[in-house]
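Taking it in order: structure first as structure tokens, then the write-up.
The values are calculated or read from the model by the stated rules, or taken from the named source; none is laboratory data. Computed from a predicted model, the values in this text were never measured in an experiment. Neighbour counts are summed over all protein chains in view; Cβ atoms, including those assigned to glycine, are modelled from backbone coordinates with ideal geometry. These area figures cover heavy atoms from the full protein model, side chains too; ligands, DNA and RNA do not enter into them. Shrake-Rupley method; radii C 1.70, N 1.55, O 1.52, S 1.80 Å.
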Amino acid sequence: MASRSTPITVVILAAGLGKRMKSERPKVLAPLCGRPLIAWVLDAAKSLAPEQILLVTGHMKELVAEALEQHGQNWKGVTLVHQAEQLGTGHAVQVCLPQLGSNPGRVVVLYGDMPLLGAGTLQSLLALQERSAASGAAILTACPENARGFGRVLRGRNGGVERIVEEKDCTPAQKEIGEVNTGVYVFDGKALVDALPRLSRNNAQKEYYLTEVVALLAASGLPVAAHETEELDEIIGINNLVHLSEARWALQQRILEQHLLNGVAIEDPATTTIDHGVTIGVGTRILPFTVIRSGVQIGAHCEVGPFTHLRAGSVLADHAEIGNFTECKNARVGKHTKAKHLAYLGDVTLGEHANVGAGTIFANYDGKRKHQSKVGDKAFLGSGTVVVAPNSIGAGATTGAGAVVTRESAIGKSEVWVGVPARRLERKKAGGRTARKAQSKVRSKGRA
Ligand code: UD1
Ligand code: CA
């Protein structure tokens, strides 16, 4: 019998083919707010601080491992278990038997397609299992408005769960049952490993169902308790792209709410996309139709948008302003620097108080490789400047409107460059126009 000190193993089932997603890639890699679906589930699993996590993968398991690696997943305590053939959710847990051993303490089983499941809900289920079904199991149930595709929960006279019937196996009367199996279980490990070898394939899909374990426990007199959750978005299981978009919307709202509570002024959350893993400082304003991808860092008191796209690797220092139709990719933008209109800042480091005129493009790609550029403090790039990378533009330098700065021009400090291809505007000797006048002329033309 389990007790508080009983070790916890979490088994996450992520080997399914996900046929209903109509994708070549494993379902658990479907992108969700900037990370794969499975990363959200792993977070929920880790919130329980379990002794071990067994992640069951099958179809293209290398891709799953690779994607998790890419998204900074910490592998400590996580073991990949291979399910070569996908013979059902029960079979997926059967293949973990060698890792589980004969008495694995408590075993929490999660499906890899439930990204919204919260730590609090999992804790309640663990507490229920410990309190009223320590020798059996506790399952998470819900009564959603639409029971589409879920297994229905059949309860006995005493209120305990007797069995779960998959929708495809339901009689018309059973289909009317409102309480469904969400696919989250806490088992007494011993009871689970005893029942697993007894599963049959006697059902509509000819699969080994994990849900049959519930019926086996109940039939042998072990308690099966149910915790009905009212957090209906937490139980979204992703089987197709409609479900994925519902989950994305729910997760997006959570992310936006967190930023709003942190003091980020998001003017129109309904048209703002902010991925997981974005940091934004207090007092920053995010204007409508802006997309901010995972890993972007934005300082305090910045202004971003409307219609701005901030991609991976972009870092905005305090008071930076990136405006409409400007895309940043791997761009470091210094304090008080502005790029307010129609620009592409790709692979560039901009100093402080610089001004990037409307229509400026950092041409970072030569068809084979990406190259970096650097722009110094207080530099002023006139409207429509094209900077072909690699390149550097010194502090206080100016480019004229429409200048095409060819690669490796290495514009020096305070120099003025104009034309196509851009050439340095020489300072005139006494008697002629001063360089200062020429510079101010270029500036007044180029200012956006
Ligand atoms: C399952 C439940 C159903 C429940 C619903 C909740 C069963 C038999 N049914 O149905 O009662 O209402 O979830 O969302 O368990 N998987 C494997 N290996 C396999 C098969 C599946 O790892 O051989 C994984 C899938 O990757 C997925 C999870 O198990 O993450 C659930 O499988 P899925 O086919 O989505 O089950 P449902 O039909 O949704
Ligand atoms: Ca599912």
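A Förster radius of 51 Å, combined with the Cβ-Cβ distance separating Glu51 from Arg427, puts the computed FRET efficiency at roughly 0.10.
Among rounded, prolate and oblate, which fits segment 157-268 when a ≥ b ≥ c are the square roots of the eigenvalues of its C-alpha gyration tensor, a/c under 1.5 means rounded, and a/b larger than b/c means prolate? Prolate is the answer for segment 157-268, as a/c is 1.5 or above and a/b outweighs b/c. Calculated mean residue ellipticity at 222 nm for the chain: -6500 deg cm²/dmol, from DSSP H runs with n ≥ 4 weighted as -39500 (n - 2.57), summed, divided by the residue count and rounded to 500. Between Thr406 and Glu228, the contour length at 0.36 nm per residue exceeds the alpha carbon distance by 57.5 nm. Rounded to the nearest percent, how much of the accessible area of the chain (1.4 Å probe, protein heavy atoms only) is carbon and sulfur? Carbon and sulfur: 51 percent of the exposed surface of the chain.
Each peptide in 408-415, 365-372, 294-301 gets a packing score, the mean of other Cβ atoms within 10 Å over its residues, and the list from highest to lowest is 294-301, 408-415, 365-372. Distances between every pair of Cα atoms in the chain, grouped in 10 Å steps from 0 to the bin holding the largest one, split as 4, 19, 22, 17, 13, 11, 8, 4, 2, 0, 0 percent.
Annotation: the antiparallel percentage among DSSP beta bridges lying fully within the chain is about 25. Fully extending the segment from Ser294 to Ser124, taken as 0.36 nm per residue of separation minus the present Cα-Cα distance, adds 58.1 nm.
Of the peptides 95-105, 191-201, the order by per-residue mean of other Cβ atoms within 10 Å, starting with the highest, comes out as 191-201, 95-105. Normalised by residue count, segment 238-295 yields a Cα convex hull volume of 76 Å³ per residue.
Peptides 37-44, 272-279 ranked from most to least packed, by the mean per-residue count of other Cβ atoms within 10 Å: 37-44, 272-279.
Which value in Å does the Kirkwood hydrodynamic radius of segment 97-215 take, with 1/r averaged over all unlike C-alpha pairs and then inverted? Averaging 1/r across every pair of different Cα atoms and inverting gives 15.1 Å. Note on Gln205 and Arg157: their simple-model spin labels are 3.3 nm apart, each label 7 Å out from Cα toward Cβ. Computed from point charges on the beta carbon alone (+1 for Lys and Arg, -1 for Asp and Glu), the dipole magnitude for the chain about its Cα centre is near 2960 Debye.
Averaging the sequence gap over all C-alpha pairs within less than 8 Å and six or more residues apart, then dividing by the number of residues, gives segment 125-192 a relative contact order of 43 percent. Charge tally for Arg163 (other residues, Cβ to Cβ under 13 Å; Lys, Arg +1; Asp, Glu -1): -3. Relative to the longest principal axis of the Cα atoms of the chain, the long axis of helix 435-446 makes an angle of roughly 40 degrees. The orientation-averaged projected area of the convex hull spanned by the Cα atoms of segment 333-416 comes to 4.3 nm².
At an R0 of 35 angstrom, the distance between the Cβ atoms of Thr279 and Arg20 translates into a FRET efficiency of 0.50. Between Arg148 and Glu267, the modelled label-to-label distance comes to 3.5 nm, taking each label 7 Å out from Cα in the direction of the beta carbon.
Dipole of the chain computed with +1 at Lys/Arg Cβ and -1 at Asp/Glu Cβ about the Cα centre; of Thr6, Asn158, Gly384, farthest Cα towards the positive end is Gly384. Between 0 and 90 degrees, the angle of helix 241-261 with respect to the longest Cα principal axis of the chain falls at about 60 degrees. Heavy-atom accessible surface of the chain, averaged per residue, reaches 45 Å², computed with a 1.4 Å probe. Note on Lys19: aspartates and glutamates with a C-alpha under 17 Å away, same-chain residues under 8 apart excluded, are Glu85, Asp113, Glu207. Think of segment 209-329 as a dipole: +1 on every Lys or Arg Cβ, -1 on every Asp or Glu Cβ, centred on the Cα centre; then among Val213, Leu261, Gly295, Gly295 lies furthest on the positive end.
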